[in-house]
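The values are calculated or read from the model by the stated rules, or taken from the named source; none is laboratory data. Model, not experiment: these values are computed from the prediction. Cβ atoms come from the backbone with ideal geometry, glycine included; neighbour counts cover every protein chain shown. Quick note on the areas: whole protein, heavy atoms, side chains included, nothing else; ligands and nucleic acids left out. Shrake-Rupley method; radii C 1.70, N 1.55, O 1.52, S 1.80 Å.
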Amino acid sequence: QPENRFLSLENPAELQLSTQRLELAATCLLGSRDGQICLQGQWIEGGQSLLQVEVEQVSLDIVSLFVDMDWAFTHTINGRFNWQKATNFTLSPGELLLDEESTQFKTGPGIFQFQLSEGNLHSGKLDLPIPGSGGINIDFQVARLLQGDAAELQALMKLNLRDLTPLQLVVPYLDVIKGELEADIRITGNLQQPAYTGHATLVRGHVEDQSIGLVISDITLAGAVYQYDHTELNGSFRVGEGRGQIKADLRFEDFLHPEF
C-alpha cells in the first residue's frame, strides 16, 4: 500500500482459534496520521459473542487498503463499536482529493451510526454536511451482512446542494457552475449490484465555458433516476436572448468520468 497509508500491530496479541472457539486478546493497530484502532473479541460456539473496537483519529483513507480508489480523503474517524450495542462514529471536517490535488469538495463534521443484531445491520445513518451548500443524508439497512456482496441493501439517500461548485470535480471543463440540486434516491438490491430509483431537480442553473465564451443560464431540469448508472432529465435554458429545451441523459458507470 502507499507509504502514507498503513496499519501496523502495536504489540503481539494472543489469538486462540478453533472450530468451536475464537478469542482475541486486547490489542491495538497503529495507522498513519497518528490513528489508532484497538480491539478485542470472543466467539464460542453456542455461546455469547463479543467484539469491541475503539477508533481514534483514524484516517478515512483506511478504505483504500481494501478498495482501489482514484481519490483520497483528509477526514478522520472517531468512535466505539460494540457488537451488541448501537454504534456512533464521528467524522471530522475534511476534503476530497483527486490525484493528491484539492477538488474544493469540502465537508463539515459528520456522523455515521448503525446497529447490528443477528447478522443484520439496522438503523444505519450517514449525515455529511457540505458547508455553505447543504449536505448528503443516507438512511440504510443491510440484511444478512455476513453474505458479503450478496447481502440485501435498502437505503434512502437525500442530496441537497445549494452550491454546485463541488460538481466541477466531475465536469472540470466548465469554469463556472451554479444552481440548486435536490435528489431523493431509493437504493435496493445487494451490495455488489445496487439498483437506484428516484427523482432529481436542478433550478437556477448557470454554467460557463470561458474558453469559447459560452454562458448558459436559467437552467431548469427535472427527471427520474431509473437505473444504477442512468438518469434522464428534461427542462429549459437560456443563452443570451434565446431560449431552448434540453434533455440530459447522464450515465455514471464511471462516477468520476460521467457520460452526458
message: With the requirement that a residue be part of a strand (DSSP E or B) and of a type in the set (S, T, N, Q), what does segment 190-206 give you?
response: N190, T197, T201
query: Can S211 be described as in contact with a strand residue (DSSP E or B) (Cβ under 9 Å, 6 or more places away or on another chain) and either basic (K, R) or loosely packed, with under 15 Cβ neighbours inside 10 Å (or both)?
result: no
message: When the residues of segment 1-25 are narrowed to those that are surrounded by 13 or more Cβ atoms within 10 Å (Cβ to Cβ) and within 27 Å of S92 (Cα to Cα), which ends up modelled with the highest pLDDT?
response: L7
statement: In segment 100-114, anything at pLDDT 85 or above, of a type outside the set (S, T, N, Q) and open to solvent by less than 60 Å² (accessible area, probe 1.4 Å) is listed as G108, G110, I111
- prompt: Given Q227, Q192, which one is of a type outside the set (D, E), surrounded by fewer than 16 Cβ atoms within 10 Å (Cβ to Cβ), at pLDDT below 90 and in contact with a helix residue (DSSP H, G or I) (Cβ under 9 Å, 6 or more places away or on another chain)?
  reply: Q192
field: Restricting segment 90-99 to residues that are modelled with pLDDT under 80 and not acidic (D, E), the residue that is surrounded by the most Cβ atoms within 10 Å (Cβ to Cβ)
entry: L96
task: Name every residue in segment 130-146 that is open to solvent by 50 Å² or more (accessible area, probe 1.4 Å) and modelled with pLDDT of 85 or more, in order of residue number.
output: P131, N137, D139, Q141
statement: Condition set in a helix (DSSP H, G or I) and farther than 30 Å from F114 by Cβ, scope segment 147-189, selection modelled with the highest pLDDT: answer is T165
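Report yes if some residue within segment 115-131 is aliphatic (A, V, I, L, M) and in a loop (DSSP other than H, G, I, E, B); otherwise report no. Talk me through it step by step, then tell me what you get.
Keep residues of segment 115-131 that are aliphatic (A, V, I, L, M), which gives 116, 121, 126, 128, 130.
With the extra rule that they be in a loop (DSSP other than H, G, I, E, B), the set shrinks to none.
No - not one qualifying residue is present in segment 115-131.
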message: Looking only at segment 207-233, count every residue that is over 27 Å from the mean Cα position of the chain (by Cα) and not in a loop (DSSP other than H, G, I, E, B) and tell me the total.
response: 8
- request: Collect the residues in segment 169-187 that are open to solvent by less than 50 Å² (accessible area, probe 1.4 Å) and on the phi < 0 side of the Ramachandran plot, keeping them in residue-number order.
  value: L169, V170, V171, L174, V176, I177, L181, A183, I185, I187
statement: Those residues of segment 230-252 that are acidic (D, E) and surrounded by 11 or more Cβ atoms within 10 Å (Cβ to Cβ) come to a total of 2
